[in-house]
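Since the structure comes first, as structure tokens, the remarks are kept for the end.
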Amino acid sequence: MKFFSLYLSTALAAFAAPQQSDFYQRQEIPLPPGEIMEIGSVALLPEQKVAVATRRGDIWICEGAYGDDLGKVTWKKFAQGQHEPFGMFWKDGWLWMTQRPEVSRIKDSDGDGAADTFETICDDWGINGDYHEYAFGTEPDKEGNIWITLCLTGSGGANSDWRGWAVRVTPEGKMIPTCSGIRSPGGMGFNAKGDVFYCDNQGLWNGSSSVKWLKPGSFQGNPTGNKYHTLANLPAPPEPVSGSRVETERAKFPTFVPPAVVLPHGKVGQSPTGIVCDTTKGKFGPWADQLYVAEQCHSQIQRACLEEVNGIYQGAVFHFLEGFEAGLIPLRLDPSGIIFSGGSNRGWASRGSKPFTFERVKWTGKTPFEMLTMFAKPDGFELTFTEPVDAKAAADLANYKMEAWTYILQSSYGSPEVDKTSPKITAATVSADGLKVRLKVDGCVKGHVHHLTLSNIKAASGAEMWHPQAFYTLNEIPAK
Amino acid sequence: MYMRRLLPVFLSLPLTFAPLSAQDGGQLYTLYCSACHGADGNGATGGQFPPLAKSPWVQGNAERSIKIVLHGLHGPVEVKGKTYNLEMPPQGAALPDDQIAAILTHVRASWGNKSTPVSADQVKATRGATAARKEHWTAEELLKLHPLENAKPPVENLISYYYKGSFQSMPDFSQLKPDAVEEEPMGLVDYSSYAKTDGFAMMWEGKFYTPDGKHEFCLDSDDGARLLIDGQLVCEIKAIGPAGRLVKKSVALKKGMHQFRVEYFEFAGEEALSVGMKQQGSNGIKWFSKDKGSAQSKTWPEIMLTPSADRAVMYRNFIQGTSARGIGFGFSGEINMAYSADRLAPELLWTGKFIDAGHHWTDRGVGDEPPAGDDVTRISNKLAYAFTEEAVTAWPAGNPVAPSFRGYKLDAKGNPTFLVQIGNQRFFDSYAVVAGATPALVRTITPSGEATKPVSLLLLSEHDLQAPTAQSFQAGKVKVEVEGGAVRYVTGNAILDLKNSAITIRYTWQ
């Protein structure tokens, strides 16, 4: 009996443990009955309509996905027979999509609700019948161009033109090869400034999956498709040495842009996909300008907070939303603060156990106690929190732990975590308002992922931290 | 009431502070393997991915699973009666020996598996011995090196009975005395050791296991054969004849062991006998015979695309016989075509069924899918437009005309009009089926805009040309008739010089 009451009081103390449902409401959007809706693309349309494209090549338009009563959702089939579209948006009355063989735009000219006009905008890249030659496309950038990442043949070869490259396609259909070094993309998106990012998956020349910045002219690390530079008289991309490190090779090759944020394999997902930037001005929580990164294998959405240091992006990734019903692929964030995502686990398994899903997430208005940002400093890091911390606990060095590692840059599949170090946190200074903690760290390693774990740090209000881990990719150490 | 909220707290505690120990195979399994193989080892998504629980692949000789983890596995693999065609990515470069050992030790001792632990030294030795290997393994390769020890034979306690004699129909075995009786420890129906002479009959009896469900049995033979389950006739091929007379039947069975009996006779000539079962919910066939019927061995369920009464169906995907940018159209009247958006022509024409999308819509959808119907005629396989001046003595290779594919429009019946652009000139290339006693696929090419140079169109290449005239020719069973232009023939190619007026082409089947 004594044991029981002890157990009970432990249970009561833990009652305040933060739950996703306290902060975010995740809901499945009903799908058309009997249809296989393996969603690979989502586009937001005027009048709160949402279009989705499936891996089977069907395009459907959904009404009611924004509504309070999801029982009122209706669907209309807009087109069929397309070839695995991964990237779709609405512009000027046309639905634009990047599908395996081409960029197309389609519309319903006669007003019967189904597409009848299918224009091919650009089909200048190669495909040879290999299922892995996927094409992922963005929404238009500031200049109106679509960015497309072209997956390698079988994810390890480059047997068709421009495999392993990112290209831009102008609205007129001109293709501009822009970046080399790509392996197997899972999705793309922009940050608030309009720079383009994509997710590349663990495998050959990718020690871990990561979010990478497609700086025009850059090399992303995998040399398999390098040979295609000759097709457009571009300079030859770097040929990194297998068995090296990104940090070593990028010192040799200035065009080699390191991953902006590594998503450590297994620890922060296993197959990252769609990217969106939170430009909702606070309608989805306090994460202004941060990136949300969807995850197919773990059926999650991660949160990444980036900064530019010495002209290179880097930053931290935090666990964020989880429990989606299938492997997530596309991600869209409506300015009103609703995330729409969908997915499939055909061919690639996911923690979410349904074969496909379409979901939305809304903020409940309650902000979790979290690390809001983590930025690099010359001698460590600065954390900001979503609400003032309990200053005593936050000043206690025993409540912080840091490990760092990197990966082998190699021609074989993935990499273990290597060159492990344990940077020592020597000071934790809490700001007067309790919103910031300045960590002084001995032994930060340029090029390493720095894994910070907080324990026993609560908010001044008593709230427990939802996700006490951060993974910061330290490409550059700022001078000030 | 409180438990639901408590659980995550307790679960997250060890993760927050205890770093992953290299020895903790359970945690490593959860981290790296469980997304596909399932936290319970039964395969993710209700077994859409291969199970490890009670799988003979991960038990017995550990070499087999060490090699799969190190180098990955490619292509179809049968696990516990179900065929999977996915891709196991290699982990050898990502996971060190001690972690692989810990994971496999965990797998081999979990979910009912009872096999010995794996040591880091064992992994190291295998890694060293296979260091030169760059490719994934295939299941076939591994099974040759390391056959499954714990696998139950497909048919247990199988006994074969052999009867000499000249049989032209199935004999009544109860009236015959066997010339040989053998135990068949492999558990496979196999006539091969008796097939040195014509004129014999055989019968096999044993037991096999099924889960609950409606399972589809298939039988094919040369000459006749019968399959009986629990004494009930399920499939039968009565007459003398060659293989290819596949018989299928679905039978609802309860979980457990069932009586298995196959009867067979061979009169003369070739022999064949394949017997299999597709379990409910499974794509692959579990074979009870050494012969595997080739026509039945696809590992995906059929998803036949069919036009509706009032609308054609379209399929952009990898269609065998055309280029990777294939666009299939299934029209009403069982007329089908595959247009190449690379080479800007209808390249395949066929009748009957359109296409089975099950191939591309199952697992990762690896490979090309051939048309599902009959009389597939490949009429062209070259870029279909060229400048007329380049196409005088031959259809040009290295064609400088550079036409672009600009897409298509669909009419109310789903019939396409493709748009091809060459400089300022555009060609609208329309297709529709006209019903009638002899249904025809009617194609109309309408030019528009100024031509910089005259352009020719390739109607037929690389095909045996029959009865060529200026207005028509025949390619296999397809008759091609042209109105509005004259066909000319250059080195076996049928070519049409395009002017400023519309041209109509009718494809009919003889």
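Quick notes on this structure:
- Yes/no for residue B:210 being of a type in the set (Ser, Thr, Tyr) and closer than 30 Å to residue B:86 by Cβ: yes
- Answer residue from the stretch A:392-408, given it is surrounded by fewer than 18 Cβ atoms within 10 Å (Cβ to Cβ) and away from chain B (no Cβ under 14 Å) and is farthest from residue B:361 (Cα to Cα) among those: A:392
- Scanning the stretch A:195-214 for residues that are more than 11 Å from every other protein chain (Cβ to nearest Cβ) and not in a strand (DSSP E or B), we see that the one that is surrounded by the fewest Cβ atoms within 10 Å (Cβ to Cβ) is A:195.
- Per the listing A:372, A:439, A:328, A:383, the residue uniquely closer than 30 Å to residue B:366 by Cα, surrounded by 16 or more Cβ atoms within 10 Å (Cβ to Cβ) and aliphatic (A, V, I, L, M) is A:328.
- At least 3 residues being closer than 30 Å to residue B:337 by Cα is the threshold, and among the strands (runs of 3 or more DSSP E) wholly inside the stretch B:250-325 those reaching it are B:313-317.
- Just so you know, in the stretch B:100-109 the residues that are touching a Ser or Thr at 6+ places or on another chain (Cβ under 8 Å) and buried (at least 24 other Cβ atoms within 10 Å of the Cβ) include one that is nearest to the other protein chains (Cβ to nearest Cβ), and it is B:101.
- Of the residues making up the stretch B:473-508, those that are under 21 Å from residue B:455 (Cβ atoms) and not in a strand (DSSP E or B) are B:484, B:485, B:486, B:491, B:492, B:499, B:500, B:501, B:502.
- Candidates are the residues of the stretch B:425-479 that are charged (D, E, K, R) and modelled with pLDDT under 95; the one that is nearest to residue B:385 (Cα to Cα) is B:453.
- Counted as qualifying within the stretch A:84-123 are the strands (runs of 3 or more DSSP E) with 3 or more residues that are in the same structural domain as residue A:168 (by TED's automatic domain parsing) and closer than 28 Å to residue B:366 by Cβ, namely A:94-99, A:102-107, A:117-122.
- Out of B:430, B:456, one residue alone is within 16 Å of residue B:382 (Cβ to Cβ), assigned by TED's automatic domain parsing to the domain that holds residue B:346 and crowded, with 17+ Cβ neighbours inside 10 Å. It is B:456.
- Residue satisfying condition, being of a type in the set (D, E, K, R), under 21 Å from the mean Cα position of the chain (by Cα) and surrounded by fewer than 24 Cβ atoms within 10 Å (Cβ to Cβ), within set B:290, B:254: B:290
- Unmet criterion (only one of (1) small (Gly, Ala, Ser); (2) surrounded by 24 or more Cβ atoms within 10 Å (Cβ to Cβ); (3) within 14 Å of chain B (Cβ to nearest Cβ)) for residue A:294: (3)
- Residues (acidic (Asp, Glu) and more than 10 Å from chain B (Cβ to nearest Cβ)) located in the stretch A:414-436: A:419, A:433
- Of residues in the stretch B:342-372 being small (Gly, Ala, Ser), more than 14 Å from chain A (Cβ to nearest Cβ) and crowded, with 18+ Cβ neighbours inside 10 Å, the one farthest from the chain's Cα centre (by Cα): B:345
- Looking across A:217, A:221, one residue alone is outside any helix (DSSP H, G or I), on the phi > 0 side of the Ramachandran plot and surrounded by fewer than 24 Cβ atoms within 10 Å (Cβ to Cβ). It is A:217.
- Residue that is nearest to residue B:311 (Cα to Cα), among those in the stretch B:400-414 that are in contact with a Leu (Cβ under 9 Å, 6 or more places away or on another chain) and either of a type in the set (D, E, K, R) or at the interface with chain A (Cβ under 7 Å from one of its Cβ atoms) (or both): B:409
- Filtered residues of the stretch A:331-369 (kept if β-branched (Val, Ile, Thr) and over 22 Å from residue B:362 (Cα atoms)): A:338, A:339, A:361, A:364, A:367
- Exclusive hit being in contact (Cβ under 8 Å) with a residue 60 or more places away in the chain, among the polar types (S, T, N, Q) and within 14 Å of chain B (Cβ to nearest Cβ), set A:20, A:27: A:20
- Given (1) within 14 Å of another protein chain (Cβ to nearest Cβ); (2) more than 22 Å from the chain's Cα centre (by Cα); (3) over 22 Å from residue B:428 (Cβ atoms), index of the condition residue A:84 fails: (2)
- Residue that is surrounded by the most Cβ atoms within 10 Å (Cβ to Cβ), among those in the stretch A:92-129 that are at the interface with another protein chain (Cβ under 10 Å from one of its Cβ atoms) and touching a Gly at 6+ places or on another chain (Cβ under 6 Å): A:118
- Verdict on residue A:89 being under 26 Å from residue A:347 (Cβ atoms), away from chain B (no Cβ under 12 Å), among the hydrophobic types (A, V, I, L, M, F, W, C) and surrounded by fewer than 23 Cβ atoms within 10 Å (Cβ to Cβ): yes
The values are calculated or read from the model by the stated rules, or taken from the named source; none is laboratory data. Just so it is clear, the structure is predicted and the values come from calculations on it, not from any experiment. All Cβ positions, even for glycine, are placed from backbone atoms using ideal geometry, and neighbour counts span all protein chains on display.
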